[in-house]
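The values are calculated or read from the model by the stated rules, or taken from the named source; none is laboratory data. The shown structure was predicted, so the numbers you read here are calculated from the model rather than taken from an experiment. All Cβ positions, even for glycine, are placed from backbone atoms using ideal geometry, and neighbour counts span all protein chains on display. Calculation scope for accessible area: heavy atoms of the full protein, side chains included, ligands and nucleic acids excluded. Shrake-Rupley method; radii C 1.70, N 1.55, O 1.52, S 1.80 Å.
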Amino acid sequence: LFWMEPTEDVTRPWVVHSIDESIPHPLHVDIGDLSGEGHGLDLVVGGFDTDVIYWYEYSKNWKRHELPIPAVNRAKPDRVWNVKTIRLGTSRESIIAPVTESDSRRGTLLFYDYKEGQFQPYNLRNIDYHHPMDDKIILHDVTGDGQAEVFIPDSGPGVDVLHIIQLQRRND
């Protein structure tokens, strides 16, 4: 996992900054304010062959944290697709992550919300996720209420689905 910084002459090789060289198969990354510090430089990372979602808290350097993935449908998912940070009216952003089992398209859409000093996972809904490599999670406020809705396109042989999910924070 790394980030690149352009040099003064952008046609020359860019400077590569390593964040973490030890995580297995990082695939999708999003950036946001997961720590609640207001800078928006924290990272969330998904990938293959993992039983955790990684998030990196930024404060001069990135500090790695691991969020366990709960069992889904009595199976342990090991693929985390298209992770996203989303703001739901709190100082910290939350995490949305579709997870699937490696030998199956069965999975769930997980939501990690910060409560009682840690991120806690909630199963938003079970989903069949047929073609997650190319499909993206898109966040956009189409209702004009100030809260982004979640769009998940899913396509594959004989499958064309668009999941649209509207999240609302409860006061309990």
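Does segment 1-65 come out rounded, prolate or oblate by the C-alpha gyration tensor, with a ≥ b ≥ c the root eigenvalues, rounded set by a/c under 1.5 and, if not, prolate when a/b is larger than b/c and oblate if not? Before the final figure, lay out the partial values.
Working: a/c = 2.42, a/b = 1.35, b/c = 1.80.
It comes out oblate by the Cα gyration axes.
How about segment 1-63: which chymotrypsin sites (Phe, Trp or Tyr not before Pro) there lie in a loop by DSSP and see at most 13 other Cβ atoms within 10 Å? Mind showing how you got there, number by number?
Values: sites: F2, W3, W14, F48, Y54, W55, Y56, Y58, W62; in loops: W14, F48.
Sparse-neighbourhood loop chymotrypsin sites (Phe, Trp or Tyr not before Pro): W14, F48.
What is the local net charge at Y58, summed over the other residues whose Cβ is closer than 12 Å to its Cβ (Lys, Arg +1; Asp, Glu -1)?
On the way: positive: K60, K63, R64; negative: D33, E37, D42, E57.
Value of the local net charge: -1.
Quick one: accessible surface of R125, probe radius 1.4 Å, all protein chains present, in square angstrom to the nearest 10.
100
Among residues other than I31 whose Cβ falls under 11 Å from its Cβ, what is the net charge (Lys/Arg +1, Asp/Glu -1)? Intermediate results must be reported in sequence, preceding the final value.
Details: positive: K84; negative: D30, D33, D42, E93.
Taking every Cβ under 11 Å from that of I31, the sum is -3.
Below 24 Å, Cα to Cα, which lysines can K136 reach? Residues fewer than 8 away in the same chain don't count.
Leaving aside lysines fewer than 8 places away in the same chain, those within reach of K136 are K76, K84.
Counting only residues 5 or more places away or on other chains, whose amide H sits under 5 Å from the amide H of G36 once H atoms are built in the peptide plane?
E93
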